[in-house]
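Undergrad: My structure is below; once you've seen it, I'll send some questions.
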Amino acid sequence: MGDFDLDSSFIPALYKPAESLPIANYESDILYLVDTFPVLVVVGQTGSGKTTQIPQFLRKAGWCKDGKRVGVTQPRRVAAITIAMRVAEEVGCEVGKEVGYSVRFEDSTSKSTRIKFLTDGLLIREALMDPLLSEYSVIMIDEAHERSISTDILLGLLKKIMKRRPELRIIISSATIQAKAFFDYFSPSKTPNNALKGEADKKAAAKNIVSDRNKVGSEAKGEADEETTTKDIALDRSKVESEVKGEGGAEETNADLGPVAALTVEGRTYPIDVLHLESPTDDYVKKAAETASVTIDGIVYVVDCGFTKIRVYDPFTGIESLVVTPASKASSIQRAGRAGRTKPGKCYRLYPSENYDELPDSNIPEMQRSNLAPVILQLKALGIDNVLRFDYLSPPPSQLMVKALEFLYALGALDEYAKLTRPLGMRMAELTVEPMMAKALLSAPDLGCLSEMLTVAAMTSLGGNVWFFHDNERKKMNVAGTRFAVEEGDHLTLLNAYTDFVTTEKKQPKFCHENHLNFKSMTRAVKIRAQLKRYLEQLGIAVEEPASGIPQARGRDLAKVAEQVRRCLTMGFFTHAAQMQPDGTFRAVGSEMVLHAHPTSIMFTRKADWVIFQEIMETSTKTFIRDISKIEKGWLTEYAPEYYQVQNTRRPGG
DNA sequence: GAGCACTGC
């Protein structure tokens, strides 16, 4: 069953008999609305059973005829797998037969699969192969309120696809507060949410829409029992407000009435006492914490600190930071909701109730606070050339777009007309590593070190989870103390670790344990590397592996290979160059900002001159760089002449 | 000189 842990993914709410789930009352409503409207927004809490039941309703109703499938996306792979298992059990089949799932590294589907659970990122990848997603008759986007980049992009793609495939049905499953945004987005009178559009225009457009449209209310209860009731309600705009909520009417009327319907389903929840602590002194916090408990049946007490930690990207400096921000109303409601799933519960909010009113309705979508280079590359590869005019659910700030376009141009992925270059840009988009690493990887064949760069790309994809130190050695031990450490930096150190791991008889936990490696991560690196290799081969790039997996086989000059790897890294990461100062800190070109080698880097304990680094992140105390390798200064002008000539007086940033 | 890492492909 692959690399997920069933215990941690157990979702109690899923294990209710299907007929006792609230969603059972809505079967005919849902089928009617799906039949009538191309887009259905289903509002309901986790625990309503919508994720497990709606796909089964659709299958029974004939939406899987002629070899078509119902696809259901999830933001997380564990959820896709667990829910598929549950639904297979209800349907009475093995996972991978009528009900299956597909996530990275694990495809448990077959020709007979009619209901397919998958991660939303994977569905976007499927669109690269099949732009109209033609295998699906219905696509349900679950947990859309989380507003991940993948979910947002997928909704934009579906909005385009539905124009070419009028028979396609789209179901968006969302928590209450976010529903209106989805509803408006798919309504035809809505002004497209282009990036770079004037704020005033957008506000004016939004105002009109709100004023002439029935709102997707937050307290709506769908209690229609019979199909006829639902039909009446859906067709009569004046009644939409009350129960089942439908925008517009039958298709023959599609000029001024929308193609979207909304339905609120009741979740099965119990009363929750929400207690706001007026002045959260230490005593209060302590008392609340002590009162909190988790039972086997589910969570009964929730303590909500009122904050959340989000990743924010600054387009001017290229630096990411983890920022503690007030939680949104939506997530506060969600947090409280955890308490009332199996019996009445209590939620302690560690802040006064006035503060709650001031919280934003929802979190800032990921699209509006991230480095957009990867997503722009992906959109371009999907044939969406004018990424500024793409109809974003929430348009990203123009600075983010501009920065990403400039950066992709500097990397050579886009030409001066912002068109994807071929083959480089197109190939970069196909690979599942970030643009800088993709460029480094695609530079490797010419330098004769592709096998090694593949390993480096796979190892750095682990995101820092490579090394393992026991508690008692945490303080005094770091990467520099392992047998794999080399002077040239983190990338070659990671290459050493991987090469040793895969060399005869060592692919085992014992080896990892003795050598400070995380066995699970190393196993994952093997998978990632194999997948990247497969993608390269599909792109027509042959990967020549040294005979036994050891670089020195075939008499290659090891020192030369190591240098070539560092040159490749420079070709990808030249915008992330810095020089070490006498005090051991780093400065980027043209920047005064003090950068520190992250304590997990080998450069934490080494001297260097010029380096490139993979990641830069600001914490509350310092700005850290990680995954660092030594380079020659001259390589920067050799491999990025334009960038370093034009910008030699400005900070390159990310 | 000494840390918070979430997800996903």
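Undergrad: If we keep just the residues of the range A:320-368 that are of a type in the set (Val, Ile, Thr) and in a loop (DSSP other than H, G, I, E, B), which is nearest to the chain's Cα centre (by Cα)?
TA: Step one: list which residues in the range A:320-368 are of a type in the set (Val, Ile, Thr), which gives A:323-325, A:333, A:342, A:364.
Then keep just the ones that are in a loop (DSSP other than H, G, I, E, B); that gives A:342, A:364.
Working: A:Thr342: 30, A:Ile364: 14 Å.
Residue satisfying both the conditions and the ranking: A:Ile364.
Undergrad: Kindly check whether there is at least one residue in the range A:621-629 that is open to solvent by 40 Å² or more (accessible area, probe 1.4 Å), assigned to a loop (DSSP other than H, G, I, E, B) and either within 16 Å of DNA strand B (Cβ to nearest atom) or under 30 Å from A:Met129 (Cβ atoms) (or both).
TA: Start the filter on the range A:621-629 by keeping residues that are open to solvent by 40 Å² or more (accessible area, probe 1.4 Å), which leaves A:621-622, A:626.
So of that shortlist, the ones also assigned to a loop (DSSP other than H, G, I, E, B) come out as A:621-622.
Now drop any that are not either within 16 Å of DNA strand B (Cβ to nearest atom) or under 30 Å from A:Met129 (Cβ atoms) (or both), which leaves A:621-622.
Yes, the conditions are met somewhere in the range A:621-629.
Undergrad: Please count how many residues of the range A:424-453 are touching a residue at least 24 places away in the same chain (Cβ under 8 Å) and closer than 11 Å to A:Gln564 by Cα.
TA: Residues meeting the conditions: 10.
Undergrad: Let me ask something else about it. Out of (1) within 15 Å of DNA strand B (Cβ to nearest atom); (2) open to solvent by less than 30 Å² (accessible area, probe 1.4 Å), the odd one out for A:Tyr535 is which?
TA: (2)
Undergrad: Something else: What residue, of A:Arg311, A:Arg335, is charged (D, E, K, R), outside the structural domain of A:Leu155 (by TED's automatic domain parsing) and within 26 Å of A:Pro22 (Cα to Cα)? Talk me through it step by step, then tell me what you get.
TA: Numbers: A:Arg311 fails: within 26 Å of A:Pro22 (Cα to Cα).
Only one candidate qualifies: A:Arg335.
Undergrad: Here is a further query. Tell me which of these A:Ile602 doesn't satisfy, since it passes every other one: (1) within 16 Å of DNA strand B (Cβ to nearest atom); (2) more than 25 Å from A:Val312 (Cα to Cα); (3) modelled with pLDDT of 95 or more.
TA: Only one criterion in (1) within 16 Å of DNA strand B (Cβ to nearest atom); (2) more than 25 Å from A:Val312 (Cα to Cα); (3) modelled with pLDDT of 95 or more is unmet by A:Ile602, namely (3).
Undergrad: Residue under question is A:Leu118, and the condition is that it be open to solvent by 10 Å² or more (accessible area, probe 1.4 Å) and touching a helix residue (DSSP H, G or I) at 6+ places or on another chain (Cβ under 7 Å); does it hold? Spell out how you get there, then give the answer.
TA: Working: open to solvent by 10 Å² or more (accessible area, probe 1.4 Å): no; touching a helix residue (DSSP H, G or I) at 6+ places or on another chain (Cβ under 7 Å): yes.
It is false that A:Leu118 is open to solvent by 10 Å² or more (accessible area, probe 1.4 Å) and touching a helix residue (DSSP H, G or I) at 6+ places or on another chain (Cβ under 7 Å).
Undergrad: Restricting to the range A:44-72, what's the tally of residues that are open to solvent by less than 20 Å² (accessible area, probe 1.4 Å) and assigned to a loop (DSSP other than H, G, I, E, B)?
TA: The qualifying residues number 5.
Undergrad: Another one. Taking the residues in the range A:408-430 that are within 21 Å of the chain's Cα centre (by Cα) and within 17 Å of A:Gln614 (Cα to Cα) as candidates, determine which candidate is nearest to DNA strand B (Cβ to nearest atom).
TA: Top of the filtered list is A:Met428.
Undergrad: Return the residue satisfying two criteria in turn: it lies in the range A:449-500 and is surrounded by fewer than 24 Cβ atoms within 10 Å (Cβ to Cβ), charged (D, E, K, R) and within 15 Å of DNA strand B (Cβ to nearest atom), and of such residues it is modelled with the highest pLDDT.
TA: Looking at residues that are surrounded by fewer than 24 Cβ atoms within 10 Å (Cβ to Cβ), charged (D, E, K, R) and within 15 Å of DNA strand B (Cβ to nearest atom), I get A:Glu487.
Undergrad: Condition first: surrounded by fewer than 20 Cβ atoms within 10 Å (Cβ to Cβ) and β-branched (Val, Ile, Thr). Now tell me which residues in the range A:400-440 satisfy that.
TA: Correct list: A:Val402, A:Thr421, A:Thr432.
Undergrad: Can you run down the residue pairs with Cβ atoms below 6 Å, 6 or more apart or on separate chains, where the first is in the range A:93-121 and of a type in the set (Phe, Trp, Tyr) and the partner is within 10 Å of DNA strand B (Cβ to nearest atom)?
TA: Final answer for the pair search is A:Tyr101/A:Ala80; A:Tyr101/A:Ile81; A:Phe117/A:Ala80; A:Phe117/A:Tyr101.
The values are calculated or read from the model by the stated rules, or taken from the named source; none is laboratory data. Just so you know, these numbers come straight off a predicted model, no measurement behind them. Every residue, glycine as well, gets a Cβ built from its backbone with ideal geometry; the counts of neighbours run over all protein chains shown. Quick note on the areas: whole protein, heavy atoms, side chains included, nothing else; ligands and nucleic acids left out. Shrake-Rupley method; radii C 1.70, N 1.55, O 1.52, S 1.80 Å.
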